[in-house]
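S.K.: One structure, as structure tokens, below. Some questions next.
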Amino acid sequence: MDGIRIRGGKPLAGRVRISGSKNAALPILCATLLSDGESQLRNVPDLRDIGTTAQLLETMGCTVHCAPPVVRVKPNNVTPEAPYELVKQMRASVLVLGPLVARFGRAKVSLPGGCQIGSRPIDQHLKGLEALGATIRTDHGYVLAEAPRLRGAEIVFDMPTVTGTENLMMAAALAKGRTTLVNSAREPEIVELARVLNKMGAKVRGAGTGVIEIEGQDELAPFDHAIIPDRIEAGTYLVAAAAAGGDVLVENVPVEDLETLIAKMRAAGVTLEPDGSGVRVVRFNPLRSVDVTTAPHPGFPTDMQAQFMVLMCLAQGTSQISEAVFENRFMHVPELIRMGASIDIHGHTAHVRQAKRLDGTEVMATDLRASASLVIAGLVAEGETLVRRVYHLDRGYERMEAKLEALGASVAREHHVEG
Ligand code: UD1
């Protein structure tokens, strides 16, 4: 298994370009199942989760040409079954459920695995498909959904779920009549999926608000679409540059989708200036502690919580970081404490005090964003840090060590044999 070795203490300088959005590309890859022609995605990041989705589509019988940044999918001979071996590698595989049942009248999809951050049920996806007329059973770890033709309905989510909203938008696009999704998620990736469904001929209105309306169609056309930049990758480099110090231009940043993070970073004393399609980040002053609570978009993204916590380890005072979206999303904390961080957890809140310094050591990545936080901690720490199990990082960050190296960091990938 690969690890990343970092020699800390160097400020970052230069430019880094943000890749296409993983969380936008995944549902859009699944949306290719909704038509029978060949669809093309451009600006797709070269990541393990993209490879897993391509493999899943191929296993089901699609013809897939996966050469990021371009991926083409033709779903000409589909068996609507998603096996455990692939779904366990990535929770978002559940995104094939809606398109499969809508287009083929049945689907058999393994219950998902993915990052170990809380229990992460899919009850809202299933409840929504039932409301559209599907019969749902679970059997030996698989979900079996059947419906000769889905019918539009009003669906009220108990909580805004991102992939739940996406799954039902895709299902509703081929349902008979109108579907209204109430208390839907408002993430930019939802807006991006609506753009694609509209290109395919569905009539989707209200994406980006809490109420989305979809006029279902009898057939949808294939599409050609370039994916938006990844707001979480962008946020991760903004925080990395602020933590390590220096002067970095992060290019291709969806600034309007990162307003909450940017406001919190400014409150912490970081200088962030819009510059063309990017943001220049410079840190002149000592950092001040600020409190954050994660929330669905447009609130502070849970996917930036771990990285922001490293910044707060360096800030004067005590910061309270509350995780309100997922249970069990503080798995980076014990590893940061081993590096010298001063953090206490009380329920869903971490109390983060300024660390005298962070020390390099060997740490273990446990999930995608936790891994990114450990890499940032390694950039700041004195001496050498080895972040093990970076396969988590490879799920969501394109060539992170190369991008950091180009900014002057001392980072190298190593291969380890684990006993
Ligand atoms: C998506 C993102 C992930 C991000 C998360 C929250 C993708 C591929 N992944 O994950 O990076 O961290 O949004 O912004 O886009 N819930 C239920 N029942 C359900 C569905 C969700 O109880 O049926 C709960 C979850 O346990 C969680 C909350 O709802 O507490 C939000 O989860 P959700 O928005 O569904 O996250 P994902 O779509 O899995």
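S.K.: Can you give the direction-averaged projected area of the convex hull of the alpha-carbon atoms in region 297-419, in nm²?
M.R.: With every direction weighted equally, the projected area is 8.3 nm².
S.K.: With a cut-off of 15 Å, note down the residues of region 305-339 whose backbone N falls inside the zone around a label point 7 Å from the Cα of ASP291 toward its beta carbon.
M.R.: 317-324
S.K.: Ok, one more. Work out, step by step, the length gained on full extension between ASP218 and ARG137: first 0.36 nm times the residue separation, then minus their alpha carbon distance; give nm to one decimal.
M.R.: 26.6 nm
S.K.: Mind pulling the angle between the C-alpha long axis of helix 48-59 and the longest principal axis of the chain? Nearest 10 degrees, somewhere in 0 to 90.
M.R.: 20 degrees
S.K.: With a 1.4 Å probe and all protein chains in place, put HIS332, HIS297 in order of accessible area, largest first.
M.R.: Result of the area sort, largest leading: HIS297, HIS332.
S.K.: Follow-up question, since we're still on this one. Using 7 Å Cα-to-Cβ label points, what is the ASN76/ARG205 separation (nm, one decimal)?
M.R.: 3.8 nm
S.K.: Can you report the principal axis dimensions of the chain using only the alpha carbons, biggest first, rounded to whole angstrom?
M.R.: Result, largest extent first: 63, 43, 42 Å.
S.K.: Would you tell me the accessible area of LEU238, worked out with a 1.4 angstrom probe on the heavy atoms of the protein chains, in Å² to the nearest 10?
M.R.: Looks like 0 Å² after rounding.
S.K.: How far is the Cα center of region 47-126 from the Cα center of region 225-295, in Å?
M.R.: The distance from the Cα centre of region 47-126 to that of region 225-295 comes to 32 Å.
S.K.: Using +1 on the beta carbon of Lys and Arg, -1 on that of Asp and Glu, and nothing else charged, what's the dipole of region 216-365 about the Cα centre, debye to 20?
M.R.: Here region 216-365 has a charge dipole of around 1060 debye.
S.K.: Taking the simple approach of a point 7 Å from Cα along Cα-to-Cβ for both THR59 and LYS127, what is their distance in nm?
M.R.: Once both label points are built, they end up 2.9 nm from each other.
S.K.: Now for a separate question. So how tilted is helix 231-244 from the main axis of the chain? Cα-based, degrees 0 to 90, rounded to 10.
M.R.: 0 degrees
S.K.: So if we plug the beta-carbon distance of ILE337 and GLU256 into 1/(1 + (r/R0)^6) with R0 = 60 Å, what FRET efficiency do we get, rounded to 0.05?
M.R.: With a Förster radius of 60 Å, E is 0.95.
S.K.: What figure, in Å² to the nearest 10, do you get for the accessible area of LEU220 with a 1.4 Å probe and non-protein molecules left out?
M.R.: So the heavy atoms of LEU220 present about 20 Å² to solvent.
S.K.: Quickly work out the ALA263-to-LYS88 label distance, labels modelled 7 Å from Cα along the C-beta direction, and quote it in nm with one decimal.
M.R.: So the two model labels end up 4.3 nm from each other.
S.K.: Can you give the log10 of the normalised intensity I(q)/I(0) at q = 0.15 Å⁻¹, computed with Debye over equal Cα scatterers of region 183-286?
M.R.: Treating every Cα as an identical point scatterer, log10 I(q)/I(0) equals -0.71.
S.K.: Counting Lys and Arg as +1 and Asp and Glu as -1, each charge on the Cβ, what is the dipole of region 303-419 about the Cα centre in debye, to the nearest 20?
M.R.: Dipole size: approximately 200 debye.
S.K.: Ranked from the most accessible area to the least, with a 1.4 Å probe and all protein chains present, what is the order of LYS88, LYS176?
M.R.: Output order, biggest surface exposure first: LYS176, LYS88.
S.K.: Shifting gears a bit: Determine the calculated [θ] at 222 nm for the chain from helices alone, applying -39500 (n - 2.57) to every DSSP H run no shorter than 4 residues and normalising by the residue count; nearest 500 deg cm²/dmol.
M.R.: -9000 deg cm²/dmol
S.K.: Can you count the Lys pairs in the chain whose Cα atoms are under 21 Å apart, with each pair 8 or more apart or on different chains?
M.R.: 13
S.K.: Distance between Cα centroids, region 135-152 to region 338-365: provide it in whole Å.
M.R.: 44 Å
S.K.: Equivalent ellipsoid semi-axes for region 79-165, as square roots of 5 times the alpha carbon gyration tensor eigenvalues: give them largest first, rounded to whole Å.
M.R.: Taking √(5λ) for each eigenvalue gives 20, 17, 10 Å, largest first.
S.K.: Where is the GNM fluctuation largest for the chain (alpha-carbon springs, 10 angstrom cutoff): ALA172, ALA31, ALA131?
M.R.: Looking only at ALA172, ALA31, ALA131, the largest GNM fluctuation is found for ALA131.
S.K.: Name the residue, out of GLU323, GLU187, GLU154, whose mean-square fluctuation peaks in a Gaussian network model built on the chain with Cα pairs under 10 Å.
M.R.: Result for the chain, Cα springs under 10 Å: GLU154 fluctuates most.
The values are calculated or read from the model by the stated rules, or taken from the named source; none is laboratory data. Here the structure is a predicted model, which means the values were calculated and not measured. Please note: Cβ atoms are built from the backbone with ideal geometry, for glycine as well, and neighbour counts cover all protein chains shown. Remember, those area values only see protein heavy atoms, side chains included, never the ligands or the DNA or RNA. Shrake-Rupley method; radii C 1.70, N 1.55, O 1.52, S 1.80 Å.
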